[in-house]
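As structure tokens, the structure follows; a few thoughts come after it.
The values are calculated or read from the model by the stated rules, or taken from the named source; none is laboratory data. Note that the structure is predicted; figures quoted are calculated from it, not measured. With ideal geometry, Cβ positions are generated from the backbone for all residues, glycine too; neighbour counts draw on all protein chains shown.
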């Protein structure tokens with residue numbers, strides 16, 4: 001059971017929230033210019049990170065506003081929540097197609113992990 | 001390999017069971033193999049067995065980061081059925097069902113396969129039409145399925161709440177009589193024992209930490225027990241397909257979610273079959289020990305923690321009690337979560353990848369157990385010939401680019 005800090009309302013129980021999956025996936029600026037493979041990447045492919053992960057939540061039973069969160073998917077610890085439009089407060093590992101994996105030891109900074117939610 | 005039989009059981013019974021031998025040897029990783037399978041669950045062990053048996057590839061290894069059958073093989077609810085909608089699904093799931101029927105004999109191991117029947121309940125006219133459509137599709141594909149009206153449902157499984165006053169009254173169900181349940185660890189052990197007998201190395205406590213790729217081709221893998229050279233690697237993990245894929249630089253159409261299940265205290269036989277309901281959102285069977293085995297939907301969030309949240313359990317229990325008010329005073333004994341790799345179309349991936357010699361079998365979502373024999377069979381064929389057979393072909397990674405999805409959300413539904 002999570003306690004999630006809505007940036008607008010403060011900390012609430014998980015049951016008040018809905019989940020929106022991976023954050024910061026921008027809709028392609030020029031959809032007509034995309035190849036099928038690029039469309040597939042946008043529509044279907046996901047980073048699905050084990051570790052620090054940026055994701056969207058909506059405070060359905062509260063202010064009904066969307067926001068982003070950084071959570072460690074290996075421990076379920078929330079590191080931070082932040083409003084839509086802001087950059088993530090910590091760098092988030094991303095996998096670019098064709099690249100080798102991000103370093104799995106990509107550690108969450110001690111102060112951020114220890115500090116819990118913002 | 002010592003054959004198991006009634007006589008061997010009797011002999012050991014009379015001499016205090018001190019003559020049983022270990023059925024596989026703890027292998028040290030060799031420097032090189034012809035092929036390596038990542039993941040020692042049901043699918044991985046089945047793949048190794050069919051590679052050795054049908055393709056003569058015996059200089060191979062299974063590397064498993066924990067112990068054999070300790071991942072999702074140990075965490076699922078062992079429901080077997082093949083009543084999916086599309087041709088591609090019928091081909092693989094019914095192939096599995098046919099293999100299940102003879103598997104205990106073939107592997108000389110009691111996998112406790114029980115074809116007790118699977119009911120998929122309909123609670124309104126639309127669900128009834130969907131289920132009847134699926135029954136017709138099943139029959140066209142030679143998959144056994146039939147429709148039961150409310151009276152027949154009550155006769156087949158008398159403990160279901162058939163009251164017309166209930167919130168979601170049961171108006172009928174599809175029934176697959178050959179569906180059922182089996183024993184999860186027996187299946188893994190049976191495949192491992194048979195594969196080991198054919199020469200396969202089984203290496204437990206061996207976690208893959210990286211893949212070695214040279215000029216677009218796999219050349220080996222790094223593990224916590226050293227480097228292994230091999231021209232072929234098959235990833236057959238559950239819950240970590242994206243993590244292994246990322247080692248090869250692949251972004252995959254997979255999201256990993258917790259899926260929770262629970263069992264009640266053991267009681268006398270009361271539930272004669274498997275009951276699943278999409279609308280009420282739960283499924284329930286009874287194990288041979290007498291425990292009710294209960295499952296429901298996934299937790300919405302991504303996680304690798306093998307645990308979910310309490311609200312999902314609450315919904316799960318509410319759903320089961322809606323169907324079976326008779327269970328209301330039972331105590332729960334155990335509860336656990338597994339991580340399921342879910343594809344956007346609720347169908348798996350059995351595929352070559354852009355890295356030559358690296359094969360993927362994963363994304364089975366909430367329902368991989370039932371497919372275990374066919375999954376291993378099809379992947380072994382793919383690894384041996386480097387070409388997918390007719391069963392594996394629809395499950396390629398390319399389908400997410402071409403758009404030729406195998407959209408089985410209707411048949412997968414509550415969790416398959």
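If you go through region B:184-216 and keep only what is part of a helix (DSSP H, G or I) and closer than 16 Å to residue B:27 by Cα, you end up with B:189, B:192, B:193, B:194, B:195, B:196, B:197. Considering region B:360-382, the residues that are part of a strand (DSSP E or B) and within 11 Å of the chain's Cα centre (by Cα) include one that is nearest to residue B:219 (Cα to Cα), namely B:362.
If you check B:155, B:207, which single one turns out to be exposed (fewer than 15 other Cβ atoms within 10 Å of the Cβ), within 19 Å of residue B:73 (Cβ to Cβ) and either more than 14 Å from every other protein chain (Cβ to nearest Cβ) or modelled with pLDDT of 95 or more (or both)? Walk me through it before giving the result.
Working: B:155 fails: within 19 Å of residue B:73 (Cβ to Cβ).
Checking each option against the conditions leaves just B:207.
A single member of A:106, A:86 is part of a loop (DSSP other than H, G, I, E, B), closer than 26 Å to residue B:341 by Cβ and at pLDDT below 95, and it is A:106. Highlighted here are the strands (runs of 3 or more DSSP E) found entirely within region B:217-290 that include at least 3 residues which are surrounded by fewer than 22 Cβ atoms within 10 Å (Cβ to Cβ) and either within 14 Å of chain A (Cβ to nearest Cβ) or touching a residue at least 12 places away in the same chain (Cβ under 8 Å) (or both): B:217-223, B:226-229, B:255-264. Selection of region A:13-36 for residues being surrounded by 13 or more Cβ atoms within 10 Å (Cβ to Cβ), within 14 Å of another protein chain (Cβ to nearest Cβ) and either in contact with a strand residue (DSSP E or B) (Cβ under 6 Å, 6 or more places away or on another chain) or under 27 Å from residue A:93 (Cβ atoms) (or both) yields A:14, A:17, A:18, A:19, A:20, A:21, A:22, A:23, A:25, A:34.
When you scan region A:1-59, how many residues do you find that are in a loop (DSSP other than H, G, I, E, B) and farther than 14 Å from residue A:81 by Cα?
As a first pass, look at region A:1-59 and keep what is in a loop (DSSP other than H, G, I, E, B): A:1-2, A:7-9, A:17, A:23-30, A:34-35, A:44-45, A:47-51, A:59.
From what is left, the residues that are farther than 14 Å from residue A:81 by Cα are A:1, A:25-30, A:34-35, A:44-45, A:47-51.
Result for region A:1-59: 16.
If you filter region B:313-359 down to residues that are part of a loop (DSSP other than H, G, I, E, B) and without any contact (Cβ under 8 Å) to a residue 40 or more places away in the chain, you find that the one that is surrounded by the most Cβ atoms within 10 Å (Cβ to Cβ) is B:328.
Would you be able to say whether some residue in region B:12-24 is in contact (Cβ under 8 Å) with a residue 24 or more places away in the chain, touching a helix residue (DSSP H, G or I) at 6+ places or on another chain (Cβ under 7 Å), more than 17 Å from residue B:386 (Cα to Cα) and assigned to a loop (DSSP other than H, G, I, E, B)? Let's see the steps before the verdict.
As a first pass, look at region B:12-24 and keep what is in contact (Cβ under 8 Å) with a residue 24 or more places away in the chain: B:23-24.
This time we only want the ones that are touching a helix residue (DSSP H, G or I) at 6+ places or on another chain (Cβ under 7 Å), so: B:23-24.
If we keep only those that are more than 17 Å from residue B:386 (Cα to Cα) too, we end up with B:23-24.
Restricting the remaining residues to those that are assigned to a loop (DSSP other than H, G, I, E, B) gives B:23-24.
Yes: region B:12-24 contains one or more residues that are in contact (Cβ under 8 Å) with a residue 24 or more places away in the chain, touching a helix residue (DSSP H, G or I) at 6+ places or on another chain (Cβ under 7 Å), more than 17 Å from residue B:386 (Cα to Cα) and assigned to a loop (DSSP other than H, G, I, E, B).
The number of residues in region B:1-11 being in a loop (DSSP other than H, G, I, E, B) and either touching a strand residue (DSSP E or B) at 6+ places or on another chain (Cβ under 6 Å) or loosely packed, with under 10 Cβ neighbours inside 10 Å (or both) comes to 1.
Report yes if residue B:297 is in contact (Cβ under 8 Å) with a residue 24 or more places away in the chain, within 14 Å of chain A (Cβ to nearest Cβ) and either buried (at least 23 other Cβ atoms within 10 Å of the Cβ) or in a helix (DSSP H, G or I) (or both), otherwise no. For residue B:297, the condition - in contact (Cβ under 8 Å) with a residue 24 or more places away in the chain, within 14 Å of chain A (Cβ to nearest Cβ) and either buried (at least 23 other Cβ atoms within 10 Å of the Cβ) or in a helix (DSSP H, G or I) (or both) - is not met. Taking the numbered list (1) in a helix (DSSP H, G or I); (2) in contact (Cβ under 8 Å) with a residue 24 or more places away in the chain; (3) under 19 Å from residue B:275 (Cβ atoms) in turn, residue B:154 passes all entries but (2).
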